[in-house]
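Reviewing the structure listed below.
The values are calculated or read from the model by the stated rules, or taken from the named source; none is laboratory data. Keep in mind that this is a model prediction, so the values were computed, not measured. Positions of Cβ are generated from backbone atoms using ideal geometry, with glycine treated the same way; all protein chains shown enter the neighbour counts.
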Amino acid sequence: MISKYVHRYNHQQGFTLIELMISLILGLLVSAAVMQIYLINVKTSSIQSSGSELQDASIFGLQQLEKKLRIANLGNPTTQITSTTVNGGIVLTAANLGITTAYANTAYLTRREGDSASGTNGWTGVSNTNVNSDQLTIQYTNTTGSVMSDCEGADAAVNDIVVERYFLRRATGDTSSGNIKNLVLACDAGRVSPTGGGILTVGTASDSRNFGTAGQEFIINVDQFKVLLGTKSSAAASAGQMMYLPSSSYLLMATKPSITAVKIGLIVHGTTPIIGSNDQSSFTLLGQSNSLKTDTTRQQQVRKSYESTTLLRNARVIDVDTSLTP
């Protein structure tokens, strides 16, 4: 008798190779989508954070700078502001400070490339673009009847004549070695003798009221600072129209018209690096093209340009129509 054995087999079910490949592809697609959303969120967050820092630092500082420009020429009864006006709101020459002798520290005056410049802690034209920066020097007399503060926070007594210069320099403690430096817009304030003779020395050499120091950091993270002086054109084709000139061009004019306004421009940046995006590297500032210097070590950050025009106090030139004179 032949025995019959029945063999039972357990069949195990699993994924086929095709199913595994499809699952793998779907998983990769989901992972890619999640990663893309994450990168977008990180990029957006870094841009918003850098932009917020830029707004907090530069906008507040720009408002304070405009506030200072609005009091330039305060207390000066002379409305014709030129390069020779004593106590004039814009300081272009030693004559504006009441100095009649040679003045060595020309780097403390309103300056642009092409102007002479010498003096310790003076303007050097440093910037983070392919264009040199400018310096703006203003002055005013405290005729408010109460103590006020200069741009370095020091008290300016009643009737004090205050001179302030705004310029770019490296931030205190900056050790960067690349082409892009950590620059700030600094302000250096001083006092002018009310009886002529120029800049006063106040207290010790380190006193902030002394002109010619490295100044106080006024606006941080600045790449460029430019200045134009507003005057009325005397050319026949454009007589009476406003024109804006750099100080170097104004000083070369044979007949210098009155300065009635100042245009300032800044390029500033945030501190948080942008992730997953290129930053802006070319700007037009006050009609001039600026490109960031080439630097392989520079961090990509949000950058923005600002321009502002301020009319000078008591510096309006009123044209009189002589044809109406009886």
- Query: So how many residues does the stretch 156-166 have that are in contact with a strand residue (DSSP E or B) (Cβ under 8 Å, 6 or more places away or on another chain) and in a loop (DSSP other than H, G, I, E, B)?
  - Reply: 2
- In this structure, does Ser127 turn out to be among the polar types (S, T, N, Q) and surrounded by 22 or more Cβ atoms within 10 Å (Cβ to Cβ)? yes
- Kindly indicate the residue of the stretch 109-122 that is at pLDDT below 95 and within 19 Å of the chain's Cα centre (by Cα) and also surrounded by the most Cβ atoms within 10 Å (Cβ to Cβ) among those meeting that condition. Gly122
- Item | Identity of the residue in the stretch 84-102, in a loop (DSSP other than H, G, I, E, B) and either touching a His at 6+ places or on another chain (Cβ under 9 Å) or of a type in the set (Val, Ile, Thr) (or both), that ends up surrounded by the fewest Cβ atoms within 10 Å (Cβ to Cβ) | Thr101
- Yes/no for Arg165 being buried (at least 22 other Cβ atoms within 10 Å of the Cβ), among the charged types (D, E, K, R) and either free of Cβ contacts under 8 Å to residues at least 24 places away in the same chain or within 24 Å of Ala261 (Cβ to Cβ) (or both): yes
- Among residues belonging to the stretch 171-204 that are within 18 Å of Gly153 (Cα to Cα) and touching a Leu at 6+ places or on another chain (Cβ under 8 Å), point out the one that is surrounded by the fewest Cβ atoms within 10 Å (Cβ to Cβ). Arg191
- Task: Filter the stretch 178-189 down to residues that are without any contact (Cβ under 8 Å) to a residue 60 or more places away in the chain and in a loop (DSSP other than H, G, I, E, B), then give me how many there are.
- Result: 2
- Query: Does Ile267 satisfy the criteria of being at pLDDT below 85 and buried (at least 17 other Cβ atoms within 10 Å of the Cβ)?
  - Reply: no
- Query: Are any residues in the stretch 107-140 assigned to a loop (DSSP other than H, G, I, E, B), in contact (Cβ under 8 Å) with a residue 24 or more places away in the chain, more than 20 Å from Leu65 (Cβ to Cβ) and touching a helix residue (DSSP H, G or I) at 6+ places or on another chain (Cβ under 7 Å), and if so, which ones?
  - Reply: Gly114, Gly119
- Item | Residue check, Asn105 among the polar types (S, T, N, Q) and either modelled with pLDDT of 95 or more or surrounded by 23 or more Cβ atoms within 10 Å (Cβ to Cβ) (or both) | no
- Message: I need a count of the residues in the stretch 142-155 that are surrounded by 21 or more Cβ atoms within 10 Å (Cβ to Cβ) and outside any loop (DSSP other than H, G, I, E, B).
- Response: 0
